[in-house]
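Enquirer: My questions will all concern the structure given below.
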Amino acid sequence: MGSALALAIDVDQLVRTFSFRKGKGQKGKGQKGGSEITALGGVDLTVEPGEVRGLLGPNGAGKTTLVKILSTVLLPTSGHVRVFGHDVVDSTDWVRQHIGVVFGGERGLYGRLSARRNLEYWAALYRLGHAGGRVRVDELLNQFGLREFADTPVDRLSRGMKQRVHLARGLLSRPELLFLDEPTIGMDPVAAREFHRLFAQLRADQTTILLTTHDMAEAELLCDQVTLIDHGQVLGTESPHEVGRWITTYERVEAQITDPDLMASIKEVPGVAGIEPLDDGWVRINTNDEKAVSVVLQLIVQTGIIALRVEKPSLAEVYLELIGERGMAI
């Protein structure tokens with residue numbers, strides 16, 4: 001077991017680069033005719049035991065690379081990565097015994113084998129023993145509602161049922177830390193909603209979970225905190241329900257304004273990002289500075305307008321402001 005005082009995840013100045021060789025006759029950047037891509041550029045990340053942390057970012061942000069390093073699949077180029085106080089490079093075997101990994105999509109299952117046989121195969125790889133493995137497989141088949149489909153080939157299961165098998169596989173060894181890498185990718189809305197219901201079961205035993213996704217709504221629903229990452233850089237970490245500083249920065253005022261002079265004055269306020277028309281003569285005043293809202297309100301109230309409201313943007317809208325629309329799903 002890990003130390004009671006150790007962080008579940010402790011990442012310090014993690015860098016991971018990939019080098020590519022150019023074909024014969026091609027000129028490229030970097031040494032020896034090759035090129036180098038920095039997937040992670042000095043990432044710092046800490047996660048407490050028992051926490052559900054979301055790792056959010058568009059496709060190509062570095063999420064999966066980080067998970068592969070944490071799960072000992074990739075080596076870091078530089079920096080330090082520890083799981084419950086154990087270095088992923090120096091204590092690889094210990095780390096592998098205390099983690100579980102669930103990838104999205106179809107990876108990791110054998111379609112011609114039944115759900116039961118898939119789980120028994122992985123139980124053998126985890127060295128759970130014949131008797132112990134069968135007991136654990138039966139427990140998970142019951143826990144995830146797979147008993148009725150236990151002897152059905154995985155290829156014949158729905159995507160939602162396949163994901164249940166994925167989750168059961170990831171929990172076979174009773175991991176202290178579970179990585180869920182884009183677990184709902186490719187799912188239809190019904191299957192994704194079913195996964196979200198199952199997620200409550202994953203939290204019941206205080207397992208630490210790192211959930212990578214580019215779906216802001218999913219992170220807002222499932223996570224204790226979210227860490228935003230893009231281009232291999234961590235932008236920040238906040239509670240999905242209390243992103244106070246970011247939310248305040250992008251607050252907007254809505255009001256019924258017809259006076260062109262007032263509109264012109266509002267546009268000149270520092271931190272006003274723009275004004276957009278709404279229905280019934282209302283306009284929305286978007287801001288990108290937390291001080292702008294109070295100034296705008298003073299200008300409006302001084303003219304006698306009382307039909308107004310202040311709105312807070314959703315976490316998804318804040319994310320779009322910070323990162324843009326590249327690869328974002330809402």
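Just so you know, all these numbers are worked out from the coordinates, no wet-lab data involved. If you're wondering where the values come from, they're calculated on a predicted model, not measured in any experiment. Backbone-built Cβ (ideal geometry, glycine too); neighbour counts: all protein chains shown.
Enquirer: Tell me, please, whether a residue that is assigned to a strand (DSSP E or B) and farther than 30 Å from LEU211 by Cα can be found in the stretch 230-248.
Expert: Checked the stretch 230-248: no residue is assigned to a strand (DSSP E or B) and farther than 30 Å from LEU211 by Cα.
Enquirer: Another question, if that's okay. Got a sec? Which of VAL154, VAL137, VAL165 is touching a Gly at 6+ places or on another chain (Cβ under 6 Å) and surrounded by 19 or more Cβ atoms within 10 Å (Cβ to Cβ)? Spell out how you get there, then give the answer.
Expert: Working: VAL137 fails: touching a Gly at 6+ places or on another chain (Cβ under 6 Å); VAL165 fails: touching a Gly at 6+ places or on another chain (Cβ under 6 Å).
Answer to the selection: VAL154.
Enquirer: Quick check on LEU75: is it assigned to a loop (DSSP other than H, G, I, E, B), touching a Lys or Arg at 6+ places or on another chain (Cβ under 7 Å) and either surrounded by 14 or more Cβ atoms within 10 Å (Cβ to Cβ) or touching a residue at least 12 places away in the same chain (Cβ under 8 Å) (or both)? Walk me through how you get there before you give the answer.
Expert: Numbers: assigned to a loop (DSSP other than H, G, I, E, B): yes; touching a Lys or Arg at 6+ places or on another chain (Cβ under 7 Å): no; either surrounded by 14 or more Cβ atoms within 10 Å (Cβ to Cβ) or touching a residue at least 12 places away in the same chain (Cβ under 8 Å) (or both): yes.
No: the conditions fail for LEU75.
Enquirer: From the list VAL89, VAL102, which residue is β-branched (Val, Ile, Thr) and assigned to a loop (DSSP other than H, G, I, E, B)? First the steps, then the outcome.
Expert: Details: VAL102 fails: assigned to a loop (DSSP other than H, G, I, E, B).
Only one candidate qualifies: VAL89.
Enquirer: Name the one entry in ILE300, ILE285 that is touching a strand residue (DSSP E or B) at 6+ places or on another chain (Cβ under 6 Å) and in a strand (DSSP E or B). It would help to see each step written out before you state the result.
Expert: Values: ILE300 fails: in a strand (DSSP E or B).
When all the criteria are applied, what remains is ILE285.
Enquirer: When you check ASP215 against the structure, is it more than 13 Å from VAL52 (Cα to Cα), over 9 Å from the mean Cα position of the chain (by Cα) and buried (at least 18 other Cβ atoms within 10 Å of the Cβ), yes or no? Outline the logic, then answer.
Expert: Working: more than 13 Å from VAL52 (Cα to Cα): yes; over 9 Å from the mean Cα position of the chain (by Cα): no; buried (at least 18 other Cβ atoms within 10 Å of the Cβ): yes.
For ASP215, the condition - more than 13 Å from VAL52 (Cα to Cα), over 9 Å from the mean Cα position of the chain (by Cα) and buried (at least 18 other Cβ atoms within 10 Å of the Cβ) - is not met.
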